[in-house]
């Protein structure tokens with residue numbers, strides 16, 4: 001069977017990197033096995049995936065990203081370099097696949113594509129002014145990390161919600177109260193039920209304790225959507 005071919009780039013390109021990696025892998029969520037051959041030449045990424053499985057290309061893209069991210073993290077540890085990267089395209093002619101990846105997460109990008117970005121950004125910026133604004137900025141940063149790091153989506157989603165809890169407690173004078181009171185107030189302001197928050201926490205708990213955990217694209221979309229719903233309603237009412 002023809003391998004899946006992925007291409008991309010390591011950035012910044014001015015810090016040149018070349019690596020050759022071949023390894024076997026097992027997808028945690030599905031248990032499907034495969035072999036990855038990765039060639040990075042002057043920061044240009046080429047990846048061949050050998051697998052008999054008929055992959056969802058987003059799940060396989062996340063596998064490829066995870067493998068490369070892990071190796072770049074090791075390079076970072078060894079050299080003190082903070083590389084980033086992106087995977088831009090996947091090809092497999094026998095499966096009639098030729099797809100250029102965007103930067104969007106479809107389940108989120110499709111929520112409201114009529115938003116006036118300038119107006120919405122101004123309103124958000126107003127909410128981040130003052131000493132409590134740092135908590136909202138941390139929430140937004142974690143939401144972006146949840147989109148970027150598929151295997152750690154639950155961790156970042158829940159930490160974003162925890163930042164909202166701290167923000168909610170601060171603006172309502174509950175910072176000295178116990179967590180149960182703070183969570184109850186967050187649920188009240190955001191119109192969220194306890195089950196929704198607990199489901200996000202359940203996705204985060206293994207990751208918060210250093211355990212391996214992964215979700216497929218469908219489960220990840222549900223988690224992201226639930227998290228964004230909580231954040232949206234909180235910001236609308238805060």
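The table that follows gives values for the structure above.
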| item | result |
| --- | --- |
| Residue ID - surrounded by the fewest Cβ atoms within 10 Å (Cβ to Cβ), chosen from residues in the range 178-192 that are in a loop (DSSP other than H, G, I, E, B) and touching a helix residue (DSSP H, G or I) at 6+ places or on another chain (Cβ under 7 Å) | 191 |
| Selection from the range 17-59 of residues that are at pLDDT 95 or above, over 16 Å from residue 69 (Cα atoms) and part of a loop (DSSP other than H, G, I, E, B) | 42 |
| Residue count for the range 78-120, restricted to those that are part of a loop (DSSP other than H, G, I, E, B) and surrounded by fewer than 11 Cβ atoms within 10 Å (Cβ to Cβ) | 10 |
| Residue check for residue 43: under 24 Å from residue 102 (Cβ atoms), surrounded by 14 or more Cβ atoms within 10 Å (Cβ to Cβ) and touching a helix residue (DSSP H, G or I) at 6+ places or on another chain (Cβ under 6 Å) | no |
| Single residue of the range 47-58 satisfying the filter (touching a residue at least 24 places away in the same chain (Cβ under 8 Å) and closer than 17 Å to residue 24 by Cβ) that is farthest from the chain's Cα centre (by Cα) | 52 |
| So residue 143, is it in contact (Cβ under 8 Å) with a residue 40 or more places away in the chain, part of a helix (DSSP H, G or I), outside the structural domain of residue 70 (by TED's automatic domain parsing) and over 20 Å from residue 197 (Cβ atoms) | no |
| Residue 92 vs. criteria outside the structural domain of residue 152 (by TED's automatic domain parsing), modelled with pLDDT under 95 and either in contact with a helix residue (DSSP H, G or I) (Cβ under 7 Å, 6 or more places away or on another chain) or under 30 Å from residue 222 (Cα atoms) (or both) | no |
| Total residues in the range 200-221, condition part of a helix (DSSP H, G or I) and either in contact (Cβ under 8 Å) with a residue 60 or more places away in the chain or buried (at least 17 other Cβ atoms within 10 Å of the Cβ) (or both) | 8 |
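Residues checked against (1) modelled with pLDDT of 95 or more; (2) farther than 24 Å from residue 107 by Cβ; (3) in the same structural domain as residue 67 (by TED's automatic domain parsing):
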site	(1), (2), (3)
149	no, no, no
156	yes, no, no
187	yes, no, no
199	yes, no, no
209	no, yes, no
213	no, no, no
220	no, no, no
231	yes, no, no
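The values are calculated or read from the model by the stated rules, or taken from the named source; none is laboratory data. Nothing here was measured: the structure is a model prediction, and the numbers come from that model. Reconstructed Cβ throughout: ideal geometry from the backbone, glycine too, with neighbour counts over all protein chains shown.
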